[in-house]
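Engineer: Structure in C-alpha coordinates, see below.
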Amino acid sequence: MDRLPGEYERALGTYLQQGGESSLKQAYELGRRALSEGRGILDMIGVHQQVLEKILINGQKADTVHQAGEFFAELMSPFEMTHRAFGEANDTLRRLNESLESETRRIARSLHDESGQLLAAVHIQLRQMARGLSTAAQSNLVEVESLLEQVEQQLRNFSHELRPTVLDDYGLLPALQTLAEKFSKRFGLPVSVDGKVAPRLSKTIEAAMYRVAQEALNNVARHAKASRVNIRLWRAPGEFHCCIRDDGVGFDPVAVAKGSRNTLGLLGMRERLNVLGGTLRIESTPQQGTELKILVPVEA
Ligand SMILES: Nc1ncnc2c1ncn2[C@@H]1O[C@H](COP(=O)(O)OP(=O)(O)O)[C@@H](O)[C@H]1O
Ligand SMILES: [Mg+2]
(Lines give C-alpha, C1' and ligand atoms only; values in the text may rest on other atoms or scores of the structure.)
(Ligands and ions follow the chains in the order given, each with its own letter.)
Protein backbone atom coordinates (compact mmCIF):
# COMPACT_ATOMS: atom_id res chain seq x y z
CA MET A 1 0.00 0.00 0.00
CA ASP A 2 1.15 3.53 -0.71
CA ARG A 3 1.77 5.10 2.71
CA LEU A 4 3.29 8.32 1.54
CA PRO A 5 0.10 10.38 0.85
CA GLY A 6 -1.30 9.59 4.33
CA GLU A 7 1.97 10.44 6.06
CA TYR A 8 2.28 13.58 4.02
CA GLU A 9 -1.27 14.58 4.94
CA ARG A 10 -0.61 14.12 8.67
CA ALA A 11 2.70 15.97 8.57
CA LEU A 12 1.25 18.82 6.53
CA GLY A 13 -1.78 18.98 8.88
CA THR A 14 0.55 19.33 11.88
CA TYR A 15 2.51 22.03 10.12
CA LEU A 16 -0.61 23.97 9.19
CA GLN A 17 -1.87 23.85 12.76
CA GLN A 18 1.33 24.33 14.70
CA GLY A 19 4.01 25.40 12.22
CA GLY A 20 7.54 24.87 13.46
CA GLU A 21 10.92 23.62 12.33
CA SER A 22 10.34 20.03 13.36
CA SER A 23 7.46 19.43 10.95
CA LEU A 24 9.45 21.12 8.17
CA LYS A 25 12.20 18.66 8.97
CA GLN A 26 9.68 15.90 8.59
CA ALA A 27 8.81 17.23 5.14
CA TYR A 28 12.47 17.07 4.22
CA GLU A 29 12.73 13.48 5.50
CA LEU A 30 9.62 12.47 3.57
CA GLY A 31 11.16 14.06 0.47
CA ARG A 32 14.36 12.07 0.92
CA ARG A 33 12.39 8.88 1.33
CA ALA A 34 10.28 9.60 -1.74
CA LEU A 35 13.45 10.23 -3.76
CA SER A 36 15.02 6.97 -2.60
CA GLU A 37 11.82 5.11 -3.50
CA GLY A 38 12.34 6.37 -7.03
CA ARG A 39 9.40 8.74 -7.12
CA GLY A 40 9.41 11.50 -9.69
CA ILE A 41 8.65 15.20 -9.40
CA LEU A 42 5.29 14.95 -11.19
CA ASP A 43 4.29 12.12 -8.87
CA MET A 44 5.08 14.33 -5.85
CA ILE A 45 3.13 17.26 -7.26
CA GLY A 46 0.20 14.83 -7.60
CA VAL A 47 0.49 13.75 -3.94
CA HIS A 48 0.64 17.39 -2.79
CA GLN A 49 -2.34 18.35 -4.91
CA GLN A 50 -4.43 15.44 -3.65
CA VAL A 51 -3.65 16.14 0.03
CA LEU A 52 -4.16 19.88 -0.35
CA GLU A 53 -7.57 19.41 -1.94
CA LYS A 54 -8.61 17.19 0.98
CA ILE A 55 -7.43 19.73 3.55
CA LEU A 56 -9.12 22.65 1.79
CA ILE A 57 -12.46 20.85 1.67
CA ASN A 58 -12.23 20.19 5.42
CA GLY A 59 -11.92 23.87 6.33
CA GLN A 60 -10.63 26.78 4.32
CA LYS A 61 -8.08 29.22 5.55
CA ALA A 62 -6.81 32.17 3.59
CA ASP A 63 -3.15 31.38 4.01
CA THR A 64 -3.41 27.58 3.92
CA VAL A 65 -2.32 27.42 0.28
CA HIS A 66 0.68 29.64 0.93
CA GLN A 67 1.76 27.69 3.99
CA ALA A 68 1.23 24.35 2.27
CA GLY A 69 3.40 25.66 -0.58
CA GLU A 70 6.25 26.29 1.88
CA PHE A 71 5.88 22.81 3.27
CA PHE A 72 5.87 21.33 -0.19
CA ALA A 73 9.00 23.28 -1.13
CA GLU A 74 10.77 21.70 1.85
CA LEU A 75 9.60 18.26 0.74
CA MET A 76 11.00 18.92 -2.72
CA SER A 77 14.41 20.21 -1.67
CA PRO A 78 16.07 16.75 -1.80
CA PHE A 79 14.87 16.51 -5.40
CA GLU A 80 16.30 19.96 -6.15
CA MET A 81 19.64 19.02 -4.59
CA THR A 82 19.82 15.80 -6.58
CA HIS A 83 18.94 17.63 -9.75
CA ARG A 84 21.74 20.15 -9.16
CA ALA A 85 24.25 17.44 -8.30
CA PHE A 86 23.32 15.67 -11.52
CA GLY A 87 23.89 18.87 -13.49
CA GLU A 88 27.27 19.38 -11.85
CA ALA A 89 28.31 15.77 -12.49
CA ASN A 90 27.31 16.22 -16.11
CA ASP A 91 29.42 19.37 -16.40
CA THR A 92 32.39 17.60 -14.88
CA LEU A 93 32.01 14.69 -17.26
CA ARG A 94 31.82 17.04 -20.21
CA ARG A 95 34.96 18.89 -19.12
CA LEU A 96 36.70 15.55 -18.59
CA ASN A 97 35.76 14.41 -22.09
CA GLU A 98 36.98 17.69 -23.52
CA SER A 99 40.32 17.52 -21.77
CA LEU A 100 40.67 13.87 -22.79
CA GLU A 101 40.04 14.85 -26.40
CA SER A 102 42.56 17.67 -26.33
CA GLU A 103 45.14 15.40 -24.71
CA THR A 104 44.47 12.74 -27.37
CA ARG A 105 44.87 15.42 -30.05
CA ARG A 106 48.21 16.47 -28.55
CA ILE A 107 49.50 12.88 -28.45
CA ALA A 108 48.28 12.22 -32.01
CA ARG A 109 50.00 15.38 -33.29
CA SER A 110 53.30 14.68 -31.60
CA LEU A 111 53.21 11.06 -32.70
CA HIS A 112 52.66 12.22 -36.24
CA ASP A 113 54.97 15.25 -36.40
CA GLU A 114 57.84 14.41 -34.07
CA SER A 115 58.17 10.73 -34.90
CA GLY A 116 57.77 11.61 -38.57
CA GLN A 117 60.69 14.06 -38.39
CA LEU A 118 62.90 11.64 -36.50
CA LEU A 119 62.25 8.88 -39.00
CA ALA A 120 62.96 11.23 -41.91
CA ALA A 121 66.33 12.02 -40.27
CA VAL A 122 67.05 8.28 -39.95
CA HIS A 123 66.35 7.82 -43.68
CA ILE A 124 68.87 10.55 -44.56
CA GLN A 125 71.51 9.03 -42.30
CA LEU A 126 70.96 5.59 -43.80
CA ARG A 127 71.38 6.91 -47.32
CA GLN A 128 74.64 8.63 -46.36
CA MET A 129 75.88 5.42 -44.74
CA ALA A 130 74.96 3.40 -47.80
CA ARG A 131 77.35 5.36 -50.04
CA GLY A 132 80.52 3.85 -48.58
CA LEU A 133 79.18 0.27 -48.40
CA SER A 134 79.41 -2.83 -50.58
CA THR A 135 76.47 -3.72 -52.84
CA ALA A 136 75.47 -6.60 -50.52
CA ALA A 137 75.40 -4.32 -47.47
CA GLN A 138 73.50 -1.70 -49.48
CA SER A 139 70.76 -4.17 -50.30
CA ASN A 140 70.50 -5.00 -46.58
CA LEU A 141 70.01 -1.33 -45.94
CA VAL A 142 67.25 -1.18 -48.55
CA GLU A 143 65.52 -3.85 -46.51
CA VAL A 144 65.92 -1.76 -43.34
CA GLU A 145 64.50 1.25 -45.17
CA SER A 146 61.43 -0.67 -46.23
CA LEU A 147 60.84 -1.82 -42.64
CA LEU A 148 61.21 1.76 -41.49
CA GLU A 149 58.62 2.84 -44.02
CA GLN A 150 56.22 0.30 -42.59
CA VAL A 151 56.84 1.69 -39.09
CA GLU A 152 56.13 5.19 -40.42
CA GLN A 153 52.93 4.05 -42.05
CA GLN A 154 51.75 2.35 -38.87
CA LEU A 155 52.53 5.42 -36.78
CA ARG A 156 50.60 7.58 -39.24
CA ASN A 157 47.62 5.22 -39.11
CA PHE A 158 47.77 5.10 -35.36
CA SER A 159 47.88 8.88 -35.05
CA HIS A 160 44.94 9.23 -37.46
CA GLU A 161 42.95 6.70 -35.49
CA LEU A 162 43.66 8.53 -32.26
CA ARG A 163 42.50 11.85 -33.61
CA PRO A 164 41.91 12.34 -37.32
CA THR A 165 43.14 15.75 -38.48
CA VAL A 166 40.31 15.79 -41.02
CA LEU A 167 37.86 16.08 -38.10
CA ASP A 168 39.49 19.30 -36.89
CA ASP A 169 40.16 20.68 -40.37
CA TYR A 170 36.99 19.78 -42.29
CA GLY A 171 34.37 18.63 -39.79
CA LEU A 172 32.27 15.58 -39.02
CA LEU A 173 30.96 14.52 -42.44
CA PRO A 174 34.38 14.27 -44.20
CA ALA A 175 35.85 12.65 -41.07
CA LEU A 176 33.14 9.98 -41.05
CA GLN A 177 33.56 9.44 -44.79
CA THR A 178 37.28 8.81 -44.24
CA LEU A 179 36.51 6.53 -41.30
CA ALA A 180 33.97 4.64 -43.41
CA GLU A 181 36.45 4.19 -46.29
CA LYS A 182 39.07 2.75 -43.98
CA PHE A 183 36.51 0.53 -42.29
CA SER A 184 35.21 -0.75 -45.65
CA LYS A 185 38.73 -1.60 -46.78
CA ARG A 186 39.62 -3.31 -43.54
CA PHE A 187 36.49 -5.42 -43.14
CA GLY A 188 35.34 -5.69 -46.77
CA LEU A 189 31.99 -4.22 -45.74
CA PRO A 190 30.51 -1.27 -47.67
CA VAL A 191 29.66 1.76 -45.49
CA SER A 192 27.82 4.69 -47.04
CA VAL A 193 27.81 8.08 -45.36
CA ASP A 194 25.40 10.73 -46.53
CA GLY A 195 23.65 13.86 -45.36
CA LYS A 196 24.47 17.43 -44.63
CA VAL A 197 26.06 18.96 -41.55
CA ALA A 198 26.38 22.63 -42.48
CA PRO A 199 27.02 24.85 -40.62
CA ARG A 200 29.65 22.92 -38.69
CA LEU A 201 28.84 21.60 -35.23
CA SER A 202 30.79 22.60 -32.13
CA LYS A 203 34.12 20.84 -31.58
CA THR A 204 32.68 19.04 -28.55
CA ILE A 205 29.75 17.61 -30.50
CA GLU A 206 31.96 16.70 -33.47
CA ALA A 207 34.38 14.81 -31.25
CA ALA A 208 31.61 13.02 -29.35
CA MET A 209 29.79 12.05 -32.56
CA TYR A 210 32.99 10.77 -34.14
CA ARG A 211 33.67 8.53 -31.12
CA VAL A 212 30.08 7.29 -31.09
CA ALA A 213 30.24 6.40 -34.80
CA GLN A 214 33.62 4.73 -34.29
CA GLU A 215 32.18 2.50 -31.55
CA ALA A 216 29.05 1.80 -33.60
CA LEU A 217 31.20 0.61 -36.52
CA ASN A 218 33.35 -1.46 -34.16
CA ASN A 219 30.18 -3.13 -32.94
CA VAL A 220 29.04 -3.85 -36.49
CA ALA A 221 32.42 -5.43 -37.24
CA ARG A 222 32.45 -7.47 -34.04
CA HIS A 223 28.84 -8.56 -33.67
CA ALA A 224 26.55 -7.83 -36.62
CA LYS A 225 27.62 -10.11 -39.53
CA ALA A 226 26.15 -7.37 -41.71
CA SER A 227 26.50 -6.92 -45.47
CA ARG A 228 26.18 -3.13 -45.47
CA VAL A 229 26.09 -0.12 -43.17
CA ASN A 230 24.56 3.30 -43.74
CA ILE A 231 25.29 6.45 -41.76
CA ARG A 232 22.93 9.36 -42.27
CA LEU A 233 23.43 12.82 -40.79
CA TRP A 234 21.18 15.85 -40.88
CA ARG A 235 20.41 19.05 -39.05
CA ALA A 236 16.97 20.31 -38.07
CA PRO A 237 16.25 23.59 -36.26
CA GLY A 238 18.01 23.30 -32.89
CA GLU A 239 18.83 19.62 -33.44
CA PHE A 240 21.42 17.37 -34.98
CA HIS A 241 20.46 13.83 -36.02
CA CYS A 242 22.48 10.79 -36.93
CA CYS A 243 21.24 7.32 -37.87
CA ILE A 244 23.56 4.36 -38.12
CA ARG A 245 21.95 1.29 -39.68
CA ASP A 246 23.25 -2.17 -40.40
CA ASP A 247 21.48 -5.17 -41.90
CA GLY A 248 23.09 -7.71 -39.60
CA VAL A 249 21.90 -10.23 -37.03
CA GLY A 250 20.47 -7.63 -34.64
CA PHE A 251 20.11 -8.09 -30.88
CA ASP A 252 17.78 -7.43 -27.98
CA PRO A 253 18.86 -4.04 -26.52
CA VAL A 254 16.75 -4.49 -23.37
CA ALA A 255 18.28 -7.86 -22.58
CA VAL A 256 21.78 -6.49 -23.23
CA ALA A 257 21.16 -3.49 -20.95
CA LYS A 258 19.88 -5.78 -18.18
CA GLY A 259 22.60 -8.39 -18.69
CA SER A 260 25.30 -8.88 -16.09
CA ARG A 261 28.17 -8.57 -18.58
CA ASN A 262 29.81 -5.16 -18.70
CA THR A 263 28.94 -3.66 -22.06
CA LEU A 264 30.90 -0.48 -22.01
CA GLY A 265 30.51 0.34 -25.68
CA LEU A 266 26.81 1.17 -25.73
CA LEU A 267 27.03 2.65 -22.25
CA GLY A 268 29.93 4.87 -23.30
CA MET A 269 27.96 6.07 -26.33
CA ARG A 270 25.01 6.96 -24.15
CA GLU A 271 27.18 8.78 -21.65
CA ARG A 272 28.94 10.81 -24.34
CA LEU A 273 25.54 11.86 -25.69
CA ASN A 274 23.93 12.43 -22.28
CA VAL A 275 26.48 15.04 -21.29
CA LEU A 276 25.50 16.96 -24.42
CA GLY A 277 21.82 16.67 -23.49
CA GLY A 278 21.45 14.20 -26.37
CA THR A 279 19.85 10.77 -26.62
CA LEU A 280 20.53 7.39 -28.17
CA ARG A 281 17.66 5.14 -29.23
CA ILE A 282 18.44 1.61 -30.32
CA GLU A 283 16.00 -0.15 -32.61
CA SER A 284 17.04 -3.71 -33.14
CA THR A 285 15.37 -7.06 -33.48
CA PRO A 286 17.19 -10.37 -33.76
CA GLN A 287 17.80 -11.18 -37.46
CA GLN A 288 16.55 -7.78 -38.62
CA GLY A 289 19.52 -5.48 -38.29
CA THR A 290 20.21 -2.62 -35.95
CA GLU A 291 19.54 1.09 -36.10
CA LEU A 292 21.07 3.63 -33.72
CA LYS A 293 19.09 6.86 -33.66
CA ILE A 294 21.01 9.76 -32.19
CA LEU A 295 19.71 13.20 -31.43
CA VAL A 296 21.80 16.05 -30.02
CA PRO A 297 20.44 19.52 -29.30
CA VAL A 298 22.48 22.30 -30.92
CA GLU A 299 22.41 26.04 -30.49
CA ALA A 300 20.45 27.68 -33.27
N1 LIG B 1 25.28 -3.60 -34.48
C2 LIG B 1 25.09 -4.65 -33.68
N3 LIG B 1 24.64 -5.83 -34.15
C4 LIG B 1 24.43 -6.89 -33.34
N5 LIG B 1 24.66 -6.88 -32.01
C6 LIG B 1 25.13 -5.75 -31.46
C7 LIG B 1 25.37 -4.58 -32.25
N8 LIG B 1 25.80 -3.59 -31.42
C9 LIG B 1 25.83 -4.13 -30.19
N10 LIG B 1 25.43 -5.43 -30.20
C11 LIG B 1 25.26 -6.32 -29.03
O12 LIG B 1 25.27 -5.52 -27.87
C13 LIG B 1 26.29 -5.94 -27.00
C14 LIG B 1 26.88 -4.76 -26.26
O15 LIG B 1 27.68 -3.95 -27.10
P16 LIG B 1 28.82 -3.07 -26.43
O17 LIG B 1 28.21 -2.33 -25.29
O18 LIG B 1 29.46 -2.24 -27.48
O19 LIG B 1 29.83 -4.12 -25.82
P20 LIG B 1 30.90 -5.06 -26.56
O21 LIG B 1 31.02 -4.58 -27.99
O22 LIG B 1 32.15 -4.85 -25.78
O23 LIG B 1 30.34 -6.46 -26.47
C24 LIG B 1 27.27 -6.71 -27.86
O25 LIG B 1 27.97 -7.66 -27.12
C26 LIG B 1 26.36 -7.32 -28.89
O27 LIG B 1 25.78 -8.50 -28.38
MG1 LIG C 1 31.34 -2.61 -28.50
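The values are calculated or read from the model by the stated rules, or taken from the named source; none is laboratory data. Values in this document were obtained by computation on a predicted structure and should not be read as measured data. Please note: Cβ atoms are built from the backbone with ideal geometry, for glycine as well, and neighbour counts cover all protein chains shown.
Engineer: Go through region 212-223 and count every residue that is within 16 Å of residue 263 (Cβ to Cβ) and away from ligand 2 (no atom under 11 Å from the Cβ).
Structural biologist: Final tally of qualifying residues: 1.
Engineer: I'd like the full set of residues that are closer than 29 Å to residue 208 by Cα and loosely packed, with under 12 Cβ neighbours inside 10 Å, limited to region 43-82.
Structural biologist: The answer is none; no residue qualifies.
Engineer: Does residue 282 meet the test of being within 16 Å of ligand 2 (Cβ to nearest atom), buried (at least 16 other Cβ atoms within 10 Å of the Cβ), within 20 Å of the chain's Cα centre (by Cα) and within 16 Å of residue 207 (Cα to Cα)?
Structural biologist: On the way: within 16 Å of ligand 2 (Cβ to nearest atom): yes; buried (at least 16 other Cβ atoms within 10 Å of the Cβ): yes; within 20 Å of the chain's Cα centre (by Cα): yes; within 16 Å of residue 207 (Cα to Cα): no.
No: the conditions fail for residue 282.
Engineer: Return yes when residue 208 is closer than 20 Å to residue 265 by Cβ and within 12 Å of ligand 1 (Cβ to nearest atom) and no when it is not.
Structural biologist: no
Engineer: What's the number of the only condition in (1) modelled with pLDDT of 95 or more; (2) within 13 Å of ligand 2 (Cβ to nearest atom) that residue 265 fails to meet?
Structural biologist: (1)
Engineer: Something else about it: Please list, ordered by residue number, the helices (runs of 4 or more DSSP H) wholly in region 194-274 having 1 or more residues that are surrounded by 13 or more Cβ atoms within 10 Å (Cβ to Cβ) and acidic (Asp, Glu).
Structural biologist: The qualifying helices (runs of 4 or more DSSP H) are 203-219, 264-274.
Engineer: Go through (1) part of a helix (DSSP H, G or I); (2) at positive phi one by one and return the number of the condition residue 38 breaks.
Structural biologist: All conditions pass for residue 38, except number (1).
Engineer: Given the options 231, 294, 282, name the one that is touching a strand residue (DSSP E or B) at 6+ places or on another chain (Cβ under 7 Å), within 26 Å of residue 93 (Cβ to Cβ), of a type in the set (Val, Ile, Thr) and near ligand 1 (Cβ under 9 Å from one of its atoms).
Structural biologist: Result: 282 is the single residue among 231, 294, 282 that is touching a strand residue (DSSP E or B) at 6+ places or on another chain (Cβ under 7 Å), within 26 Å of residue 93 (Cβ to Cβ), of a type in the set (Val, Ile, Thr) and near ligand 1 (Cβ under 9 Å from one of its atoms).
Engineer: Looking at (1) hydrophobic (A, V, I, L, M, F, W, C); (2) within 26 Å of residue 105 (Cα to Cα); (3) within 16 Å of ligand 2 (Cβ to nearest atom); (4) at pLDDT 95 or above, which one does residue 240 not meet, given that it meets all the others?
Structural biologist: Residue 240 satisfies every listed condition except (3).
Engineer: To continue, here is another question. Please indicate, with yes or no, whether at least one residue in region 60-82 is on the phi > 0 side of the Ramachandran plot and not hydrophobic (A, V, I, L, M, F, W, C).
Structural biologist: No, because not a single residue in region 60-82 is on the phi > 0 side of the Ramachandran plot and not hydrophobic (A, V, I, L, M, F, W, C).
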